[in-house]
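Notes to accompany the following structure.
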Amino acid sequence: MTKRRRSWRSKKEVANIFFSICPLIVAHPSLPTFFFRYNDPKTASMGSSLKFMLIAEGEAQIYPRLAPTMEWDTAAAQVVVEQAGGKVVQFESREPVIYNKPDLLNPFFLCYGNQTD
């Protein structure tokens, strides 16, 4: 059985946005601009690893994480997303999230699925 993947860029009107509620999200200056790109975004509250898996499966399009996480919270899930054709990039710079830094705290990031399907 072939899984149908969706591109969040071509499905803006039904884009699923996943994030965890945190005071840092409300205070982040880029958040309003980011969410205005979507018509009627859907949100869900669940663990980060589950959100990564939904992205990898093509069931969700994008996961902005604007709250603290540590490397051990995201490293394995990032591999799964990337093997499925997605990306995990820093929110501000859009550079790849890197690991094995002296400070194990992750930057805010975006996780998104395969954009070619």
- Task: Among what's in region 44-102 and is among the charged types (D, E, K, R) and in a loop (DSSP other than H, G, I, E, B), pick the residue that is farthest from GLY113 (Cα to Cα).
- Result: LYS101
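Yes/no per residue for (1) open to solvent by less than 60 Å² (accessible area, probe 1.4 Å); (2) over 19 Å from SER45 (Cβ atoms):
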site	(1), (2)
TYR63	yes, no
VAL80	no, yes
VAL88	yes, yes
GLU92	no, yes
VAL97	yes, yes
ASN100	no, yes
PHE109	yes, no
GLN115	yes, yes
- Message: Condition (residue is modelled with pLDDT under 65 and over 20 Å from THR116 (Cα atoms)) applied to region 9-19: is it met by at least one residue?
- Response: yes
- Item | Filter result (among the aromatic types (Phe, Trp, Tyr) and within 15 Å of LEU110 (Cβ to Cβ)) within region 69-98 | PHE91
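The values are calculated or read from the model by the stated rules, or taken from the named source; none is laboratory data. Here the structure is a predicted model, which is why all the values come from computation and not from measurement. Don't worry about glycine lacking a Cβ; one is built from the backbone with ideal geometry, like all the others, and counts go over all protein chains shown. Surface accessibility is based on the protein's heavy atoms, side chains included, excluding ligands, DNA and RNA. Shrake-Rupley method; radii C 1.70, N 1.55, O 1.52, S 1.80 Å.
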